[in-house]
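Enquirer: Got a structure here, written out as structure tokens. Questions coming.
Each reported figure results from applying straightforward, stated rules to the coordinates on display, with no laboratory input. Only a predicted model underlies this, so the values are computations on that prediction, with no experimental measurement involved. Note that we place each Cβ from the backbone using ideal geometry, even for glycine, and neighbour counts take in every protein chain shown.
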Amino acid sequence: MYAESELEERLRKARDLIGPRLGLLAERFRKVGAEELVKYMTKDGKMLRGFLTILVAESLGGNAEETIDAAAAIELVQAASLALDDIVDFDSQRRGRPAAWLLYGVGKSAMISLLLVPTAIKMVERYGPAAVGYSIEAWEAMVRGELLDAYLAVNTIPTDYLQIVRLKTATLFSLAAVLGAIAADRQDLAETAWKYGEEVGIAYQLADDLTDYTTYLKGSKPKLDPSERLFAQWAGGRSDATLEEVEPKAIDEIEAHSAKAAELATQLSEHGPNEPLRLFPYFAVNKMFKGAGLSLPILSP
């Protein structure tokens, strides 16, 4: 049986590859005076999305070295989306540090974030037009999700909550998985990889919102974003629901989407059942809970 510790070790190796690549990419922004900002934006991330790109590629006969540009591109897009999200929501903290816009200014942080996206798309050009097409589609969906989250969530009905999650968060996990398949020269499995990543992303965002809502109720989080209040309405029936009211539905949905991802993982392998990809959604969710100090374990497949 494939152990979670083995997946943790593979994540460490992936981060050891992706981190230096991001450092080199940051140097490209020296001429516009933004090298330190880009390094700051990409520092201390979990790199789960970039890791997923490598994991899918390796499962389909590819290798990490050939996939590194795709993995790094995913992390650039993630960094850009987080920086822009902090600006829109006026969030002052990110990864336990001041948000980039507080240190480097709103204008510079926003402009560099926008520049990171075409930089990432140019990086995946080496994998062919399909990789570029999926990347553009993903960014467009993420922006639509951010618009719904930031400006319409207050007036959105709870049943639309999962659609926001699908657009804003799950799309980048989908792109991560697709680029892994394409990098391994298995474009025939691109749609399966997209669906797999989507299920992982939904489970992960549900875990993220449950974590944020729990820490808010415990007094460790000062305020709720509109999407987190929508989460409470969706899971507990009202925006000020108790943890006992929101947790059962959230956990059931997390397990359901993780199980769907685990089922799809069996199709993303050259050599029979794929334990790393089957375990990955549970691994990512549990990592979210453990990082926040919560005792909400999700069962493995």
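Enquirer: Among all helices in the chain defined by DSSP H, which have a length of 20 Å or more along the axis from Cα atoms plus a Kyte-Doolittle mean of at least -0.5?
Expert: Sorted by number, the helices that extend far enough and score high enough are 64-89, 106-123, 129-147, 190-217, 243-265, 275-291.
Enquirer: What order, most packed first, do the peptides 24-32, 281-289 have when packing is the mean number of other Cβ atoms within 10 Å of each residue?
Expert: 281-289, 24-32
Enquirer: Any chance you could run the full-extension gain for residue 240 through residue 31? It's 0.36 nm times the residue separation minus the Cα-Cα distance, nm to one decimal.
Expert: Contour length minus Cα-Cα distance gives 70.4 nm.
Enquirer: Describe numerically, in nm with one decimal, the distance between label points set 7 Å from Cα along Cα→Cβ at residue 215 and at residue 90.
Expert: Taking the two extended label points, one gets 2.0 nm.
Enquirer: Relative to 2.2 N^0.38 Å, what does the C-alpha radius of gyration of the chain come to as a ratio? Two decimals please.
Expert: Rounded to two decimals, the normalised Rg is 0.95.
Enquirer: With charges only on Cβ, +1 for K and R and -1 for D and E, what is the dipole size of the chain about its Cα centre, in debye, rounded to 20?
Expert: Charge dipole of the chain: 940 debye, to the nearest 20.
Enquirer: Residues with amide H under 5 Å of residue 94's amide H, sequence separation 5 or more or different chain, H placed in the peptide plane at 1.01 Å from N; which?
Expert: Under 5 Å from the amide H of residue 94: 99.
Enquirer: Quick one: which of 219-228, 200-209 comes out on top by average Cβ neighbours within 10 Å, and what's the full order, highest first?
Expert: Peptide ranking by packing, descending: 200-209, 219-228.
Enquirer: Of 18, 106, 206, which is farthest on the positive side of the dipole of the chain, counting Cα position, with +1 on Lys and Arg Cβ, -1 on Asp and Glu Cβ, and the Cα centre as origin?
Expert: About the Cα centre, the residue reaching furthest to the positive side is 106.
Enquirer: If you place +1 on the Cβ of every Lys and Arg and -1 on the Cβ of every Asp and Glu, how big does the dipole about the Cα centre of segment 67-138 come out, in debye to the nearest 20?
Expert: It comes to approximately 240 debye.
Enquirer: Would you work out the Kirkwood radius for segment 215-301? I mean one over the mean of 1/r across all pairs of different Cα atoms, in Å.
Expert: 14.5
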